[in-house]
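The values are calculated or read from the model by the stated rules, or taken from the named source; none is laboratory data. Predicted model only: the values in this text are computed from it and were never measured. Glycine also receives a Cβ, built like all others from the backbone with ideal geometry; neighbour counts cover every protein chain displayed.
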Ligand SMILES: [Zn+2]
């Protein structure tokens, strides 16, 4: 396949996307597959909805910087706030990367990856995007089971189905494999380093000096689509 531009891979353009509404945009192939899956879910009584779809580079940079600068709380897998000021820069970076990607490496930049939930199952509660909501006893257990049985036939899978030493488990995050596998293959360290070197962001030195481990643990370390 031809080279995908680094602007597309890093969320610095929307030229590869179709807008859905004011809040959401997706890659057109992923969107068509999502809409088919949504219609199938509806037939089974499940209202599938988007919590998040495309996210651009500047938004990811704002999230990352907010956490690194202490303006947004950083939590651990037990949902406890991490005391960042007590940590080394590398420890800080790892604590942030558990839930928030480095700007330019979020799969949400591609328009192929979405966070989904089921509005009717929430009732009066706020959506948290925490694993318990999708597990036994949580509001979205039926949705999770349905996705487990059906998402694959629409080309979707869970890249963060379990904790692998990098990104935390995210049972709400679906990826449209036919496009995302190509984008993932094209986002190499060499291409990404050029992006980060032109950027002003907190922890930059630590990011650059650990970039290989960051890629290995947080970027390419995802579940496989089972054919
Ligand atoms: Zn996500």
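Output the qualifying pairs, or none if there are none: Cβ atoms under 7 angstrom, residues six or more apart or on different chains, first residue in region 125-142 and more than 20 Å from residue 41 (Cβ to Cβ) and free of Cβ contacts under 8 Å to residues at least 40 places away in the same chain, second residue within 16 Å of the ligand (Cβ to nearest atom) and in a loop (DSSP other than H, G, I, E, B).
none
With the requirement that a residue be within 13 Å of the ligand (Cβ to nearest atom), more than 21 Å from residue 17 (Cα to Cα) and out of contact with any strand residue (DSSP E or B) (no Cβ under 9 Å at 6 or more places or on another chain), what does region 91-129 give you?
The answer is 100, and nothing else.
Of all residues in region 38-59 being more than 16 Å from the ligand (Cβ to nearest atom) and either at pLDDT below 95 or in a helix (DSSP H, G or I) (or both), which is farthest from residue 121 (Cα to Cα)?
The first filter runs over region 38-59 and keeps only residues more than 16 Å from the ligand (Cβ to nearest atom), leaving 38-47, 58.
Going one step further and asking which of them are either at pLDDT below 95 or in a helix (DSSP H, G or I) (or both), we end up with 38-43, 58.
Numbers: 38: 15, 39: 17, 40: 17, 41: 14, 42: 13, 43: 16, 58: 32 Å.
In this case the residue turns out to be 58.
Among the residues of region 60-110, how many are in a loop (DSSP other than H, G, I, E, B) and closer than 30 Å to residue 156 by Cα? Walk me through how you get there before you give the answer.
Restricting attention to region 60-110, the residues satisfying the condition of being in a loop (DSSP other than H, G, I, E, B) are 69-74, 76-80, 82-83, 87-88, 98-106.
Filter once more, so that each one left must be closer than 30 Å to residue 156 by Cα: 74, 76-79, 98-106.
Adding up the residues that qualify gives 14.
Based on this model, can you work out whether residue 145 counts as surrounded by fewer than 22 Cβ atoms within 10 Å (Cβ to Cβ) and within 14 Å of the ligand (Cβ to nearest atom)?
No: the conditions fail for residue 145.
Being within 15 Å of the ligand (Cβ to nearest atom) and surrounded by fewer than 21 Cβ atoms within 10 Å (Cβ to Cβ) is the filter; apply it to region 164-182 and report the residue that is nearest to the chain's Cα centre (by Cα).
This residue is 170.
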